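Beneath this line is the structure, given in structure tokens, with notes to follow.
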Amino acid sequence: MQQSKTSKKLTDGKQSTLGNHPLTVVLIMALLFIVPILLADLFYTHKTWLPKHTLNHGQLIAPPYSMRGLALNPEDLHQQWGLVYVHTGRCDSLCQRSLYNMLQIQKALGKDMNRLQRLLVISQMDSIDDQLQKLLNDSKTLYKQVDPSIMGKRPKSPAAFYVIDPFGNVILAYQYDTKPEWILDDLKFLMGQIG
């Protein structure tokens, strides 16, 4: 008998709780829609509050510039992603190791390896000996000689590697000592996001 009186009190309309009030329900619903918009606007107008950490390992080129800045034509890529290695002077052991790393990066892309074109931009064509010529031909690496004065004017010098999107825009730059795994990570991310 005692239990029924308690339950009657709880269900009785005279004892309304805060959650059952119609104005409270409307207020909660309004807050659910307004608070996210206000927070988004707040973070948009105060970008310094957001973390500055990025996912890419290379230096983001913003705004991107045309690959013509590296003395290349967009037709050289055939609307593919490009990994460009820029080397001034003779193609020494560092140059040859970088070319080998580029090939390994492309192979590590797996099913996406055909979406990447490798290019060597070099200032001295006479530095390409028979062994290097065979490596370039076997690995299907495009190569081009450019005037060193043009190469010196490229932005973000002295970067050695550049990633170029299928539209011919240089978007990432890497130094000579960048780990190949980092370039691979960035390429996988870009190819997965952009297509």
- Task: Give a residue-ordered list of calculated ³J(HN,Hα) values for region 81-94 (Karplus: 6.51 cos²θ - 1.76 cosθ + 1.60, θ = phi - 60°; whole Hz; x for Gly, Pro).
- Result: 5, x, 10, 10, 10, 9, 9, 9, x, 6, 7, 8, 5, 4
- Non-local residues with an amide H under 5 Å from the amide H of residue 118, with H modelled 1.01 Å from N and Pro and chain starts lacking one, are 83, 142
- Item | Förster radius 22 Å - calculated FRET efficiency between residue 43 and residue 191, Cβ distance, rounded to 0.05 | 0.15
- Task: Would you pull out the residues with amide H under 5 Å of residue 172's amide H, same chain only if 5 or more places away, H placed 1.01 Å from N?
- Result: 61, 163
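Read-outs: derived from the displayed coordinates by stated rules, not from any lab. As the structure is a prediction and not an experimental result, all values here were calculated from the model. Note: ideal-geometry Cβ built from the backbone for every residue, glycine included; neighbour counts use all protein chains shown.
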